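Below is one structure, written out as structure tokens; comments come after it.
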Amino acid sequence: MNRPNSLLARSIMLLAAVCGIVSIGLFVLAPTGSLRVFQTQWPVAGVLCWDAGLSLLFFVQHSGMVRKGFRARLARFVPPWCYLAFYAIASGVALAAVALLWQPSGRHLLVLDGLPLRITQGGSLVAVAFFFWGVFALKGFDLFGLSPVRAHLRGTQEPPTAFVVRGPYRWVRHPLYFSILVLFWLCPDLTLDRLLFNVLWTGWIWIGTRLEEGDLENEFGGAYRDYRRSVPMLIPWRAGLMRQP
């Protein structure tokens with residue numbers, strides 16, 4: 001590979017990693033409204049419409065760009081080897097926009113203290129641990145789409161993805177999404193805009209998961225269909241039904 005192409009590939013990898021890490025860091029604080037770059041004097045209805053619009057823009061970007069039709073149209077401009085990294089960059093920008101532009105409603109519906117607060121904090125720690133268990137179980141989790149770029153730099157092809165069920169994937173098909181949902185709803189300071197956030201993002205995760213599962217079934221065929229019949233999608237209410245190494 002010539003030097004300009006190698007430099008481009010490495011720059012894309014760096015930008016994807018930076019955008020992803022920074023946006024996720026910002027997003028952790030997004031629903032509190034503490035990161036907003038401007039403050040409005042809008043009525044509560046206006047604030048909620050604004051926040052809903054920000055969420056919708058992210059949903060359209062994040063779910064739309066993974067659809068095969070969109071990828072095919074964009075392939076004229078973005079080579080396949082960097083598409084996932086490009087997707088990570090676009091998702092990072094959209095997520096950062098939600099974090100920075102989110103407006104708080106100022107209406108508190110529920111504020112926990114004492115023992116209930118400690119219980120929610122403990123539950124959040126368990127959810128974080130479950131999330132990382134799911135990440136480690138994937139063995140090669142590529143959040144920022146860097147693996148295809150590395151393969152391009154080496155002049156090789158990525159090996160096909162094998163369908164293996166291990167760790168928390170034996171109890172729930174999407175343990176990362178489950179952990180995120182638990183963290184959403186264990187918020188100890190429930191404001192009106194946070195309730196809107198929880199409802200909208202829970203609905204989007206459910207819809208996005210259904211769409212993703214269609215792609216996974218197309219990729220893995222009967223093996224994934226059997227998995228869907230045996231293991232719950234988002235809530236691990238039954239255990240140990242898929243025992244693979």
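The values are calculated or read from the model by the stated rules, or taken from the named source; none is laboratory data. In this text the structure is predicted, and so the values were computed from the model without any measurement. Note that we place each Cβ from the backbone using ideal geometry, even for glycine, and neighbour counts take in every protein chain shown. Accessible surface is based on the protein model in full, side chains and every heavy atom, while ligands, DNA and RNA are left aside. Shrake-Rupley method; radii C 1.70, N 1.55, O 1.52, S 1.80 Å.
For segment 133-152, which residues satisfy the criterion of being open to solvent by 40 Å² or more (accessible area, probe 1.4 Å) and under 19 Å from LEU84 (Cβ atoms)? So that I can check it myself, show each step before the final result.
If we filter segment 133-152 for residues that are open to solvent by 40 Å² or more (accessible area, probe 1.4 Å), which is where we start, we get 133, 136, 138-143, 150, 152.
Across segment 133-152, the qualifying residues are LEU138, LYS139, GLY140, PHE141, ASP142, LEU143, ARG150, HIS152.
Against the conditions (1) among the aromatic types (Phe, Trp, Tyr); (2) touching a residue at least 24 places away in the same chain (Cβ under 8 Å); (3) assigned to a loop (DSSP other than H, G, I, E, B), PHE178 satisfies every one except (3). The set of residues in segment 215-239 that are within 23 Å of GLN61 (Cβ to Cβ) and open to solvent by less than 30 Å² (accessible area, probe 1.4 Å) contains only LEU234.
For ALA96, the stated conditions do not hold, so it cannot be described as at pLDDT 95 or above and under 22 Å from the mean Cα position of the chain (by Cα).
Picking from residues in segment 153-177 that are hydroxyl-bearing (Ser, Thr, Tyr) and under 17 Å from ARG225 (Cα atoms), the one that is least open to solvent (accessible area, probe 1.4 Å) is TYR169. Take PHE184 and decide whether it is hydrophobic (A, V, I, L, M, F, W, C), out of contact with any Asp or Glu (no Cβ under 7 Å at 6 or more places or on another chain) and more than 25 Å from ARG67 (Cα to Cα). In short, yes.
Of the residues in segment 46-61, at least one is within 18 Å of the chain's Cα centre (by Cα), of a type in the set (Val, Ile, Thr) and within 25 Å of ASP193 (Cα to Cα). Under 7 Å between Cβ atoms, which residue pairs at least 6 apart in sequence (or on different chains) link something in segment 48-66 that is in contact (Cβ under 8 Å) with a residue 24 or more places away in the chain with a partner that is surrounded by 18 or more Cβ atoms within 10 Å (Cβ to Cβ) and in a loop (DSSP other than H, G, I, E, B)? Final answer for the pair search is LEU48/SER105; TRP50/GLN103; ASP51/TRP102; ASP51/GLN103; LEU54/TRP102. Right, CYS82: open to solvent by less than 50 Å² (accessible area, probe 1.4 Å) and either touching a helix residue (DSSP H, G or I) at 6+ places or on another chain (Cβ under 6 Å) or within 16 Å of LEU200 (Cα to Cα) (or both) or not? Yes; evaluated as a whole, the condition is true for this residue. For segment 100-151, a residue qualifies if it is in a loop (DSSP other than H, G, I, E, B), in contact (Cβ under 8 Å) with a residue 24 or more places away in the chain and of a type in the set (Phe, Trp, Tyr), and the qualifying residues are TRP102, PHE144. Pairing each residue of segment 28-41 that is in a loop (DSSP other than H, G, I, E, B) with any residue that is at pLDDT 65 or above and of a type in the set (Val, Ile, Thr), provided the two are 6+ apart or on different chains, yields C-beta distances under 7 Å for THR40/VAL47.
Among the residues of segment 158-175, those that are assigned to a loop (DSSP other than H, G, I, E, B) and either closer than 10 Å to LEU234 by Cβ or not polar (S, T, N, Q) (or both) comprise GLU158, PRO159, PRO160, ALA162, PHE163, VAL164, VAL165, ARG166, TRP171, VAL172, ARG173, HIS174.
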